[in-house]
Every structure is written in C-alpha cells, then in structure tokens.
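A short worksheet on the structure shown next.
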Amino acid sequence: MHCAVIGSGPAGIACAKGLTARGFKVTILDIGEQLPAKTDALAKELAAMPVKDWPQDVKAELSRNPTIKDPIPRKLYFGSDFAYGTDKPYAPLDSDNSAFLPSVGRGGYSTVWGAASLPVADCDIKDWPLTRQDLEPYYREILNWMPVSGGDGTIETAYPSFTERLGRLPLDRQSEKLLADLKKSESKHNPSKFVYGEARLAVDPGRCDPCGMCLSGCPRQAIYDTSETLNQLVDGKAVVYRPRQVVHSVNETPAGVEIIVEDLESQSRQTLTFDAAFIGAGALGTARLLLNSKRLFNESLTLRQSSKFLIPILRAKGVPSPWAENALALSRVFIEFKVQGFADNWFHVQVSSMNQMMLEALNLAPDQSRSWKRFLASPVLNRLMVAWCGIHSDHSAQISVSLSPPDTASEPPTLISRAKETEKSVLAGKRAARTLFRNGLSHGTLFLSPMSRLSAPGTGYHCGGSFPHRHKKVSTFETDLLGRPFDWENIYVIGGSVLPSIPATTIAFTIMVNALRIATQVPIASGKSHA
Ligand SMILES: Cc1cc2nc3c(=O)[nH]c(=O)nc-3n(C[C@H](O)[C@H](O)[C@H](O)COP(=O)(O)OP(=O)(O)OC[C@H]3O[C@@H](n4cnc5c(N)ncnc54)[C@H](O)[C@@H]3O)c2cc1C
Ligand code: SF4
C-alpha cells in the first residue's frame, strides 16, 4: 500500500513510523519551511564545541527574540520564525486575537515546543471513545525512540511514565529547592487532588550540556524534534520526503486518493494518487485542507484549546542570582491539581526558574545597562519563579475557524480564525489561582494570584478537537475511531483535530500516540495499488 503522509510534525512522523513498520510505502508531503542556512551553520558551530567555549556574540545572535515584548510574544528558533505560517501567499490567514498560528515548518512545531510530555488522565478524556488503557501500548512504543526525562515526586500516581528508562536532567537550584519543599509537604495533600514532580520533558540528558538556551533552540539537539526522526527515516530509505509541497485538497476517487499539491519551487500544481492519505497538517492546516477539499466555504468549525494563564511566584527562601546559572531554561517542576467543588479535571502548572529571558522581559538584562536596577531588585528576583498554568478545554475559550472563498479559482481561499473568549475560562482561571494560593502556603510558595493573567486563546498551541473521534459519527465534522471524516474510507486525520477535548497538561505526546495507533490499526486499502 502506498501512503501519503501530510506534514512532518509529531503527528506525521509518528504515523510514518507506524506505517513503515507495517511495510507500507510512505511519501511525506510537507510545506517544510526551514531555518535559514546561515543561522543553521551558526547553530552547528556552537554544537561542535563545549559550552564554555561558545563565542558570546554567536550565542546572543541565536538567542535574539524581537517578539519578547509583543502583546503575544512568539517562541523563535535561533531567532527565526520559519515554523509559523504568517503572511504565506499559499496559505492566507485572517486571524484576530487568537495567538494560534498554523505551522509550516519541517518538523512542525516540534522545533519550537517546550517538550512537556505527559500522558492523558482518564478523568480528562471522558468524552473520548478511547481510554488511557487503549493508548498505553502506543505511549510505550513512542518512548522506545523519543527520549523523556523526569524524576521524583508523586506525579507517577496520576501520570505513569510508561517506561523504565526515564532520563534524569540536572536541576537548577530554584527548582531543586521547590521540589524539596513540595516533598516535605506531601502528607498535607490528597494525592487524588494534588500531585507534583520533576517536569516530564522530551529531552535527552546524554546530549544536554547545560547552556540555558532552551527557549531559543537547542544547539546540541537534546530537545526532541521530529526532524531528527524524519532524517533517520529518509537516510534509511524508509520514506520519501517531499518538502516545499503545499497540499491544497484531497479526494477519494475510483482511482485512489487524489491529492492536489502545489510545488513551491516550480509554482505548479499536480495531482498525485495514493492508496491512502494521512493528514497531520496541524489543527489549522488540517481545517483549511478539509474545508477546501469539500469546498465548504463560510462554514464554521470549532477548535477546542487549553487556555493558559501566568502567575508570578515568590518563594519564602531565595537562592542568590539564579539567572546566572547556565541551567536548562525549560520548566523543571510540574504541579497537577484539582479544584474543590469544580469539574473533575486536572489543572496543570509548569514552574520555571528565573532565567536570562525573564530578566530581558523585565528590562533587567545586563546588556540593557540597568544592572543597578537588577541589583536593587535582587531580593525579589532571587525568590521569583513563574507558573504557567493550563485549563482543560471544557473550561477554556474556543476558536472558530472558517474558509472564505477566493476571488479567482487560481487563488487559495483565506482561513479565518476568531477567538471566542468566554466567562468560563476567566472563572476557571480565578478558581485555580485561589487553589494554588492556598496549596502554595504548605510548601513555602506564595502564588501571587491577584497578578495572574489569562493569555490570549491559543497561546499554548494546545489546540484541536475540530474533527473529533466518535464511536458513531453524527455531525458532518466528526470522524470515526480511525480519524476518517465525511464518507471517506482511505483518508485519515491524525493530528490534534481528532482529539475530542484537550487536557490542561500537554498534547503533542498524545497526538503522536494517537497517530501511531491509527497507523497501526488502519485496514489495507482495497483496490488499485499505487506502488
Ligand atoms: C511555542 C510552542 C510550544 C509548545 N510546547 C508544547 C509542549 O511543551 N508540550 C506539548 O505537548 N505541546 C507543545 N506545543 C504544541 C505542539 O508543538 C503541537 O501540538 C504539535 O506540534 C502538533 O503536532 P502536529 O504534527 O499535529 O502539527 P504541527 O506540529 O503543526 O505540524 C504540521 C505539519 O504539517 C505541515 N503542513 C501544514 N499544512 C500543510 C499543507 N497544506 N501541505 C503540506 N504540509 C502541510 C507543516 O509543514 C508541518 O510539518 C507547543 C507549540 C508551540 C508553538
Ligand atoms: S540547556 Fe537546553 S538548550 Fe542547552 S543543551 Fe540542554 S536542553 Fe539544549
């Protein structure tokens, strides 16, 4: 069977791995924008030498992020925004106050993600036609090739690690102290409502030489990025990878699955035929592709997402100059909790220590010649940490998406995305912040709840749910357990779009797991083989 996989992000690559393991022929069609060659060369220059020898000007150049003070800052990859699909003539977008942008990069958003990786909990997927037990074999399988690090705490009781090989990453002093205080307060918490632990991160400790650049890109490729697995699949001749290909539509015909692609180099369109197609184009890319394939203009789809809010934290005891460490800048502590008298869903907290990027956001970085200010602020900065909190999509804002018809047949239609903030996300955020404040007192942590700020919908990029899996499809925009939309038999949706709701915790790991499950369970397409 010859399969087309659309996209090279977590969904596409996990699916491609599953299909090739079954002996199917796989062609990956991908927009696949890349890091500019000059920047890539600079990153490789750093990777080739020990961190202590890194030229500071090169490190500064690759850590540059001019969006840091924007209303909706973006995480860049070595200063480049190549992964984000803004202003692309081949995929026009009209987005209002939603922070969620389509991905167009090689590796999808795994190039810029925070690598936070937890499995789902059953209480958060009650509306899925699947349980965690159904997914468990696929979590285990993904962990055979994706590194995940973690460690101590009570988090294992609610979120099993599904591997005996959890890596251990070095802890910075602020995180170490927080974890120690959480441990001391363990007996004060009901483990069915409050668990904590070292952050579960898709980071390979064997490659990490702490350099503090995690929020700008990892020169040593310790943070897992699906491009690496893609390279292995291509080098091993397990897949054919075709970048610079924009898939505009898919359709089932008696001849097979027909895919209309635009080659960005030659600017020409052609029709390719496969036995089956697997769509992992990200939640917005998938919505655009499916609506366009069926010419469903001005029909509104609902994207579900996990709303996020930030709370500054003051610790009872500080550590001197925490920002001076070259420590990992990813979140190093997770706290999962439920709110008394609220829905039975986990809220998720990722705690980050003070680092150079935070100093920059506060205008206190050394190169801004305000170090006297930083000196005066030290007693506070030494105690300051930041909690980034997630809310289950049932209590979060939603994003509505539709396709506006093009003026001429040769132009692509425009995707319109509108965020719908709701009272319930504001309320859920407030309830969660109050619970954090109360819980925090038991472990010497003051969550500054009155300063909590709800981020714009889509900020965490934990989005999906527009073509949810159902046991039995009822409405037009639902899919069966294999992700098949409409009346199609050999076209499968494999990304976050098919997850019926979005837990507060993390999403990419489960997207990979579900994509692998689909790839493992699809029947062999009947009819003509496009070998
Ligand atoms: C800054 C940031 C931090 C994040 N941190 C985390 C985190 O810590 N933990 C977590 O779980 N999640 C995180 N996420 C979310 C996570 O990265 C996404 O959920 C995940 O990447 C989605 O995977 P995907 O494969 O479905 O889609 P994507 O990663 O969006 O990949 C889509 C792919 O499809 C291709 N494509 C799109 N349209 C077309 C088309 N028409 N034709 C051909 N190819 C196409 C693109 O080139 C790309 O390769 C983060 C996201 C961002 C942006
Ligand atoms: S500290 Fe972060 S950026 Fe540096 S090597 Fe480790 S994971 Fe990569």
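Each value in this text was obtained by applying a stated rule to the coordinates, not by laboratory testing. It should be emphasised that the depicted structure is a prediction, and the values quoted were computed from it without experimental measurement. No Cβ is skipped: glycine too gets one built from the backbone with ideal geometry, and neighbour counts run over all protein chains shown.
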Q: Between E164 and R22, take the C-beta separation as r, use R0 = 25 Å, and let me know the FRET efficiency to the nearest 0.05.
A: 0.45
(Q) Counting other C-beta atoms within 10 Å, and keeping those with at most 10, which DSSP coil trypsin sites (Lys or Arg not before Pro) do you find in region 68-172? (A) K69, R165
(Q) Within 10 Å, Cβ to Cβ, of D209, how many net charges do the neighbouring residues add up to if Lys/Arg are +1 and Asp/Glu are -1? (A) +3
Q: Have a look at region 1-90 and give its Rg and Dmax from the Cα atoms, expressed in angstrom.
A: 17.7, 51
Q) Once the other residues with Cβ under 13 Å from the Cβ of L303 are scored (Lys, Arg +1; Asp, Glu -1), what is the net sum? A) +4
Q) Which order results if K177, K424 are arranged by neighbouring Cβ count within 10 Å, fewest first? A) K424, K177
**Q.** Candidates per trypsin sites (Lys or Arg not before Pro) in region 425-531, loop by DSSP, up to 14 other Cβ within 10 Å
**A.** K472, K528
Q | Computed [θ] at 222 nm, deg cm²/dmol, the chain (DSSP H ≥ 4; -39,500 (n - 2.57); rounded to nearest 500) | A | -7000 deg cm²/dmol
Q | For region 30-138: span of alpha carbons on each principal axis (Å, largest first) | A | 51, 39, 30
Q) Between Rg and the Kirkwood Rh of the chain, both from Cα atoms, what is the Rg to Rh ratio? A) 0.96
Q: Run the numbers on region 39-81 and let me know its relative contact order in percent, using alpha-carbon pairs under 8 Å that are six or more apart.
A: 36 percent
Q: Would you mind ranking F467, F375 so that the residue whose beta carbon has the fewest other beta carbons within 10 Å leads the list?
A: F375, F467
Q.
Below 8 Å, C-alpha to C-alpha, sequence gap of six or more: please give me the relative contact order for region 166-279 in percent.
A. 13 percent
Q.
Restricting to bridges with both residues inside the chain, how much of the DSSP beta-bridge set is antiparallel, in percent to the nearest 5?
A. 75 percent
**Q.** Whole-number percent relative contact order across the chain, with pairs defined as alpha carbons under 8 Å at least 6 apart
**A.** 23 percent
Q: Just rank W128, W323, fewest to most, by other beta-carbon atoms within 10 angstrom.
A: W128, W323
Q.
Show me the chymotrypsin sites (Phe, Trp or Tyr not before Pro) within region 9-108 that DSSP assigns to loop and that have at most 15 other Cβ atoms within 10 Å of their Cβ.
A. Y90
Q.
Give the separation of the Cα centroids, region 218-270 to region 16-41, in Å.
A. 5 Å
Q: Between beta-carbons, use under 13 Å as the cut-off and find the net charge around A387, counting Lys and Arg +1, Asp and Glu -1.
A: +3
Q. Can you list the residues, at least 5 places off or on another chain, whose amide H is less than 5 Å from the amide H of T414, using H built in the peptide plane?
A. S404
Q. Hey, what's the per residue convex hull volume over the C-alpha atoms of region 39-81, in cubic angstrom?
A. 68 Å³
